[in-house]
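Following: one structure in structure tokens, then a few remarks.
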Amino acid sequence: MQTTLAKQVLKHAAGLPEGTPLVTKELLHLGNRAAVDQVLARLVHRGALLRAGRGIYALPVEGQFGTRAPSAAKMVQGIAKQRGEIIASHGAAAANALGLTTQVPMRAVYLTSGPSRHLQLGAQKVEFRHAPIWQLIFPGRIAGDVVRALAWLGPEKAAEALRSLRTKVPSSELEEVTSARARLPTWMAQEVSSLISHA
């Protein structure tokens, strides 16, 4: 029974896009909770699955240089979709992507509407930090990256950053940021208001 269940779990996992998190609740059509938990633990022990976090597993990806953990970005997208969480890039990563800092974040850190926690993908540790809802607006969009970058840079560097962004970011994205002023902290709302007078 266990070997058949193990095969079914692996077959199910193989049919999913890379980085789709495997969780027990989504495997209950294959067997009862205890049996599925046991099989997942065995598959991790055998190296057929990675345990990414508490109750979260992933299928390693076969590459030309052997197996590797799925990409953190794909895993993060999968978790957001599965759990209905808003997950967005951290302000340091957003600032780097927008060319506001040359500092490259050493760790993969994401902001989330869910609880703070960690995932382990092979050698890479991915950190989720619970964030206030205003920091999660426009996930996956430049406008959202602008807000998160400004939050990370802080009030002292915001004006300079916005001057630089005027030449780099589509005006439609900056308009989105100004349209969200009511949701932002006062200092940031004041800074992004400067975008309107320059329109």
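Read-outs throughout are calculated quantities, based only on the coordinates presented, and are distinct from any laboratory measurement. Keep in mind that what you see is a predicted model, and the values were worked out from it rather than measured. Note that each Cβ is placed from the backbone with ideal geometry, even for glycine, and that neighbours are counted across all protein chains shown.
Computed values, structure above
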quantity: Estimated vicinal HN-Hα couplings, Hz - the stretch 169-178 in sequence order (Karplus 6.51, -1.76, 1.60; Gly, Pro = x); calculated: 10, x, 4, 4, 6, 5, 5, 4, 4, 5
quantity: Vicinal HN-Hα couplings computed from phi for the stretch 103-110 (Karplus, 6.51 cos²θ - 1.76 cosθ + 1.60; Hz; Gly/Pro x); calculated: 5, 9, x, 6, 10, 7, 10, 10
quantity: Rounded to 10°, Cα long-axis angle of helix 72-83 versus longest principal axis of the chain; calculated: 80
quantity: Which of Ile196, Ile87 has the fewest Cβ neighbours within 10 Å, and the rest in rising order; calculated: Ile196, Ile87
quantity: In Hz, Karplus ³J(HN,Hα) per residue of the stretch 53-63 (6.51, -1.76, 1.60; θ = phi - 60°; x = Gly, Pro); calculated: x, 4, x, 10, 10, 8, 7, x, 9, 7, x
quantity: Amide proton proximity set for Gly19, modelled H, under 5 Å, gap of 5+; calculated: Leu59
quantity: Reach of Lys25 by Cα under 22 Å, taken over lysines that are not fewer than 8 positions away in the same chain; calculated: Lys7, Lys11, Lys74, Lys81
quantity: Two-decimal ratio, the stretch 156-199, of alpha-carbon radius of gyration to 2.2 N^0.38 Å; calculated: 1.04
quantity: Reciprocal of mean inverse Cα separation for the chain (Kirkwood radius, Å); calculated: 18.7
